[in-house]
1. For the range 115-131, name all the residues that are assigned to a strand (DSSP E or B) and in contact with a Phe, Trp or Tyr (Cβ under 9 Å, 6 or more places away or on another chain).
2. Which pairs have Cβ atoms under 7 Å, sit 6 or more apart or on different chains, and link a residue in the range 149-175 that is under 10 Å from I119 (Cβ atoms) to one that is in a loop (DSSP other than H, G, I, E, B)?
3. Report whether or not V209 is under 22 Å from K140 (Cα atoms), in contact with a Pro (Cβ under 9 Å, 6 or more places away or on another chain), open to solvent by less than 70 Å² (accessible area, probe 1.4 Å) and not acidic (D, E).
4. Quick check: is even one residue across the range 4-17 outside any loop (DSSP other than H, G, I, E, B), in contact (Cβ under 8 Å) with a residue 12 or more places away in the chain and more than 14 Å from I299 (Cβ to Cβ)?
5. If I ask for residues that are surrounded by 13 or more Cβ atoms within 10 Å (Cβ to Cβ) and in a helix (DSSP H, G or I), which ones from the range 18-29 would you list?
6. Does the range 224-234 contain at least one residue that is basic (K, R), open to solvent by 100 Å² or more (accessible area, probe 1.4 Å), assigned to a helix (DSSP H, G or I) and within 30 Å of H292 (Cβ to Cβ)?
7. Within the range 32-39, identify whether any single residue is under 23 Å from V94 (Cβ atoms) and open to solvent by 90 Å² or more (accessible area, probe 1.4 Å), and answer yes or no.
Amino acid sequence: MRESDNFLIYERSEWQALNDRVDFELTDEKLESIRSLNDKISIDDVRDIYVPIVQLLDIVLANYKQLKQTRADYLTYGERSEPYIIGIAGSVAVGKSTVARLLQTLLAQFHPQQQVDLITTDGFLYPNQVLADRNMMDKKGFPESYDMERLIRFLADVKNGKPTIQVPKYSHEIYDIVPDEFITVDKPDILIVEGINVLQLPSNEKIFVSDFFDFSFYVDAKPELIEKWYLGRIGILLDTAFQKESNYYNKLANMPRKEAFDYARNVWKTVNLVNLQEYILPTRFRADLILHKTHDHYIDQVLVKK
């Protein structure tokens, strides 16, 4: 293990050695259902990387509960049920969704008496019509394209134990908020919040999304690798989801292949890469744990904040 000013840096073999031989129940079929499009993950990854992460979270969770109870006893206001909130950040196409779903699955397995929920921040994007009216469609995914006030209010409600909170539903097929459809979050014990923007610090807010997190992750990789994964995902979608006439990007499936990829490369260069470099990557060292990926989504290092 090496150290930087702020992090303990574990090579994969060092991190793997932390696994206390904890058993888990996860089949290849279940893992495949968790895996994001064009991501790569194996049972070995679960054993080597994610089980030690869940073991670390178990330690943190136990101390969290003890601290809350001790504080409540001292201040004489009685025990209150406050969910433990985990944030997961990183670029488009880096594999955040796989990390989020896998952690949800493992935490629910290791804590069967607790409710573990997962939401993405996509539901807090402004609808396309609002973005179009504000001339911001080419900034979709940038901090200003999110209803940050609504996201912060949602997290405050969750922390305060409010029941049956409705979150707008987002559809990647129509590339927009689905009118009059919601996801309900009802007093979870653990809530995982996944999104590119969750560690960002919008300049117009006094309270930040990350203020509500008890633990946070950043999924990291070199931009040129993420671009490769992004284009690989586009290639798969051109042959699958984009073929549907109802899909927002159906026009790409009807283009010559080269034109479709030229379009995708331009989107990466002018939107996703700019967002990564200006807004997402600078938040990396605000995370409690960084998963560093190299070629083929292989996690070679785990960095834990001191």
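1. I119, T120, L125
2. Listed by first residue and then by second, the contacts come to V158/P83.
3. It is true that V209 is under 22 Å from K140 (Cα atoms), in contact with a Pro (Cβ under 9 Å, 6 or more places away or on another chain), open to solvent by less than 70 Å² (accessible area, probe 1.4 Å) and not acidic (D, E).
4. Within the range 4-17, one or more residues are outside any loop (DSSP other than H, G, I, E, B), in contact (Cβ under 8 Å) with a residue 12 or more places away in the chain and more than 14 Å from I299 (Cβ to Cβ).
5. none
6. yes
7. Looking for residues that are under 23 Å from V94 (Cβ atoms) and open to solvent by 90 Å² or more (accessible area, probe 1.4 Å), one finds at least one in the range 32-39, hence yes.
Table: residues versus (1) within 20 Å of the chain's Cα centre (by Cα); (2) more than 30 Å from N250 (Cα to Cα); (3) of a type in the set (F, W, Y).
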residue	(1), (2), (3)
M137	no, no, no
F154	yes, yes, yes
K162	no, yes, no
L191	yes, yes, no
N197	yes, no, no
I226	yes, no, no
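The values are calculated or read from the model by the stated rules, or taken from the named source; none is laboratory data. Bear in mind the structure is a predicted one, so any value in this text is a computation, not a measurement. Quick reminder, even Gly has a Cβ in these numbers, built from the backbone with ideal geometry, and neighbours come from all protein chains shown. Please note that ligands, DNA and RNA were not included when accessible areas were found on the heavy atoms of the full protein model with its side chains. Shrake-Rupley method; radii C 1.70, N 1.55, O 1.52, S 1.80 Å.
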